[in-house]
């Protein structure tokens, strides 16, 4: 695959040849399952962020963060239930311009799936393209996905501060510590630079070109061969920056605990 992204037009031409996952989720937004039943890409099975793409956080939140990585057995079972097979390409879509779909994209690749792409622009782009719409829940035939985690790089609280180029994907005001609407402490990890996820996107909600993204990240030192990692508030939207970096040809690690895990350390 030349890109981790797929356009609505290309996905439309491949329906029936790929497994489509609807992972709609938006912090503070409506429940994704309800949105899915009212309209989704044909054949797309719904996958829930909180139960399938993350484990339940501790109370109070500890270094695992607000969206800890899922238990491997739970994640694999969820992917099988959604129809994911080892040898069939997967396309993931959301309605948050890739900020939730990026999490599923990252997890599937970390668990060894070789062919995963994100619908560029998500549900909005699909509708704008005139794509067909299905309603109701989809119950696909069970897949045979049999992955295990560990394919991709991660960092943790013990080494994240030593990353050469550490990228904070949150909004600038949260990075600066001006406001913190969710976590108990405001600010950012020492040494981190800020590229919030909105900077990855064009006005229509699709990703910028590889050249534009390459320039954006090169400005903070995130270039091919550099030691790069990304974090956000809970480890979800950081994968949007990782997706943009992948489009730009830059390999980067994820700090899953992110800011919520950093401040939740005991």
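Values in this text are rule-based calculations from the coordinates and carry no lab data. Keep in mind the model is a prediction, meaning the values are calculated, not measured. For neighbour counting, all protein chains shown are included, and Cβ atoms are generated from backbone atoms with ideal geometry for every residue, glycine included.
The C-alpha atoms of the chain define a longest principal axis, and helix 238-247 lies at about 70 degrees to it. For the chain, take the longest principal axis of its alpha carbons; what is the angle in degrees between that and the long axis of helix 101-110, to the nearest 10 within 0 to 90? Compared with the principal axis, the helix lies near 90 degrees. The DSSP beta bridges internal to the chain are antiparallel in roughly 10% of cases. To the nearest µm²/s, what D does Stokes-Einstein give for the stretch 5-128 at 25 °C and 0.890 mPa s, using the Kirkwood radius over alpha carbon pairs as Rh? The calculation lands on 168 µm²/s.
In the stretch 5-128, Cα pairs under 8 Å separated by at least six residues give a relative contact order of 33 percent. Of 240, 113, the sequence from fewest to most neighbouring Cβ atoms within 10 angstrom is 113, 240. The length gained by stretching the chain between residue 26 and residue 12 to full extension, at 0.36 nm per residue less their Cα-Cα distance, is 2.6 nm.
The length gained on full extension between residue 186 and residue 212, counted as 0.36 nm times the residue separation minus their Cα-Cα distance, comes to 6.3 nm. Over the chain, consider all pairs of different Cα atoms and compute the Kirkwood hydrodynamic radius from their mean reciprocal separation; express it in Å, one decimal. Its Kirkwood hydrodynamic radius stands at 18.4 Å. The order of the peptides 122-130, 231-239, 183-191, 161-169 by mean Cβ neighbours within 10 Å, most packed first, is 231-239, 161-169, 122-130, 183-191.
Whole angstrom only: what separates the Cα centroid of the stretch 11-76 from the Cα centroid of the stretch 163-225? Using only Cα atoms, the two centres lie 23 Å from each other. Out of every Cα-Cα pair in the stretch 189-262, what percent are more than 13 Å apart? Roughly 63 percent, once rounded to a whole number. Above 21 Å lies some portion of the pair distances; for the stretch 125-246, what is it as a whole percent of all C-alpha pairs? In whole percent, the share of Cα-Cα pairs in the stretch 125-246 beyond 21 Å is 52.
Between residue 144 and residue 62, the modelled label-to-label distance comes to 3.9 nm, taking each label 7 Å out from Cα in the direction of the beta carbon.
Angle of helix 72-81 to the longest C-alpha principal axis of the chain, folded into 0 to 90 degrees and rounded to 10: 30°. Global size of the stretch 48-107: 12.5, 40 Å for Rg and Dmax (C-alpha atoms, Rg to one decimal, Dmax whole). The stretch between residue 156 and residue 179, if pulled fully straight at 0.36 nm per residue, gains 5.8 nm over its current Cα-Cα span. Per-residue Cβ neighbour counts within 10 Å put 262, 105 in the sequence 262, 105, beginning with the fewest.
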